[in-house]
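Here's the structure, in structure tokens; my notes come after.
The values are calculated or read from the model by the stated rules, or taken from the named source; none is laboratory data. Here the structure is a predicted model, which means the values were calculated and not measured. Quick reminder, even Gly has a Cβ in these numbers, built from the backbone with ideal geometry, and neighbours come from all protein chains shown.
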Ligand code: SF4
């Protein structure tokens with residue numbers, strides 16, 4: 001299993017697979033062919049179908065422009081025989097239009113890329129575990145908590161990264177709460193985080209006030225992401241609002257110390273890398289269950305840890321969160337990471353608390369393991385019609401017209 005630092009990436013929104021991944025691939029290609037006369041990039045599959053809404057073309061155009069390189073961008077909507085739904089091809093030409101370089105990359109989710117021909121198994125392994133059952137067994141055998149396990153196997157610099165991750169989440173959230181006006185794109189969607197937070201005090205119960213606050217926080221991050229701001233993938237850009245909304249609430253409103261928040265991020269990270277290894281964190285591969293479903297599982301494990309639940313209960317909280325997102329489709333309207341993504345982050349931040357509640361009181365009888373649920377999610381994702389896997393061809397993207 002890979003390091004948690006490969007999961008929590010800091011970068012520009014709105015989409016880890018459609019902006020961060022292609023930008024990373026472009027930088028890699030440019031290191032191979034830095035002196036070409038001009039370049040071409042061809043976007044296929046989901047990158048072609050939702051690339052404009054996800055700002056793929058803008059990110060690539062500005063990256064090549066900042067390097068003083070000429071770039072032509074092609075959207076190929078016809079090629080369907082793809083090894084991965086997020087395929088991108090770069091070409092470098094000399095002044096006579098002869099091809100100097102031709103490389104294909106796959107943007108596999110969470111800002112990660114694989115170059116065609118590269119063996120995905122060769123990525124550096126940080127944890128010697130195949131699944132969550134083996135992690136749990138190792139913790140029991142060695143009397144370790146999940147954060148202790150992470151600190152044992154990760155590089156010592158991991159805590160610096162985790163601190164930076166939480167500081168970035170805080171900054172994005174605070175910026176989102178201060179921002180007003182409309183999000184970029186054709187939907188003309190108004191930002192609502194500030195409005196939600198400042199609603200008149202018409203919420204008599206503590207639970208309602210809590211819901212209002214957490215949803216405002218989730219909106220703040222998700223709107224910042226949709227605006228192309230700097231956020232942390234948790235596990236992706238589109239689903240980056242769930243975990244920080246809850247951790248920010250527990251730290252700033254409930255006064256949980258930073259040390260506990262950082263440990264909770266490690267716990268969520270272990271759940272995230274386990275799902276990334278054995279399932280998917282890509283909407284183009286498995287639909288939104290692989291983005292919001294995984295974000296919810298990660299957040300549920302983090303909050304369960306803050307509530308001092310056992311590893312079994314943490315597993316249950318993550319499993320139950322993932323289970324009730326099975327089959328969740330990805331159908332972003334006009335290809336923008338706005339409808340349904342922003343609301344979805346807010347609603348799911350609240351549902352995480354229900355999963356933790358169940359974990360606290362009824363997990364003693366749980367039958368389905370997290371590993372089984374990860375496998376089920378992957379199978380379900382593979383069975384999902386391609387129209388519901390980040391292509392903006394089905395569901396709301398088809399029915400709803402602005
Ligand atoms: S619907 Fe879900 S998977 Fe699709 S872009 Fe939005 S957050 Fe990502």
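Of all residues in the range 148-195, those satisfying the criterion of being part of a loop (DSSP other than H, G, I, E, B) and out of contact with any strand residue (DSSP E or B) (no Cβ under 9 Å at 6 or more places or on another chain) are 154, 155, 156, 157, 179, 184, 185, 186, 187, 192.
Residues in the range 352-386 that are within 16 Å of the ligand (Cβ to nearest atom), surrounded by fewer than 17 Cβ atoms within 10 Å (Cβ to Cβ) and farther than 22 Å from residue 131 by Cα: 385, 386. Filter the range 239-287 for residues that are within 16 Å of the ligand (Cβ to nearest atom) and out of contact with any strand residue (DSSP E or B) (no Cβ under 8 Å at 6 or more places or on another chain) and give the result. Of everything in the range 239-287, those that are within 16 Å of the ligand (Cβ to nearest atom) and out of contact with any strand residue (DSSP E or B) (no Cβ under 8 Å at 6 or more places or on another chain) turn out to be 239, 241, 242, 243, 245, 272, 275, 279.
Within the range 212-267, being in a helix (DSSP H, G or I) and either at pLDDT below 95 or more than 20 Å from residue 307 (Cβ to Cβ) (or both) holds for 212, 215, 216, 219, 220, 221, 222, 223, 224, 225, 226. Scanning the range 105-143 for residues that are buried (at least 19 other Cβ atoms within 10 Å of the Cβ) and within 30 Å of residue 38 (Cα to Cα) turns up 105, 106, 107, 108, 109, 110, 111, 112, 113, 114.
Taking the criterion of being surrounded by 19 or more Cβ atoms within 10 Å (Cβ to Cβ) and closer than 20 Å to residue 281 by Cα, the residues of the range 387-399 that qualify are 388, 389, 390, 391, 392. Restricted to the range 288-302, and to residues there that are farther than 16 Å from residue 246 by Cβ and assigned to a helix (DSSP H, G or I), the residue that is nearest to the ligand (Cβ to nearest atom) is 288. Report whether or not residue 220 is over 29 Å from residue 127 (Cβ atoms) and buried (at least 24 other Cβ atoms within 10 Å of the Cβ). The answer is yes for residue 220. Residues of the range 83-100 that are touching a helix residue (DSSP H, G or I) at 6+ places or on another chain (Cβ under 8 Å) and either exposed (fewer than 15 other Cβ atoms within 10 Å of the Cβ) or more than 22 Å from residue 112 (Cβ to Cβ) (or both): 92 alone. Of the helices (runs of 4 or more DSSP H) lying entirely inside the range 3-76, those containing at least 1 residues that are more than 16 Å from the ligand (Cβ to nearest atom) and crowded, with 18+ Cβ neighbours inside 10 Å span 21-32, 56-66. Applying the criterion of being over 22 Å from residue 352 (Cβ atoms) and more than 9 Å from the ligand (Cβ to nearest atom) to the residues of the range 323-340, the residue that is surrounded by the most Cβ atoms within 10 Å (Cβ to Cβ) is 333.
For every residue, the table says whether it meets (1) within 17 Å of the chain's Cα centre (by Cα); (2) at pLDDT 95 or above; (3) farther than 16 Å from residue 281 by Cα.
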position: 5; (1), (2), (3): yes, yes, no
position: 28; (1), (2), (3): no, yes, yes
position: 39; (1), (2), (3): no, yes, yes
position: 67; (1), (2), (3): no, no, yes
position: 72; (1), (2), (3): no, yes, yes
position: 82; (1), (2), (3): no, no, yes
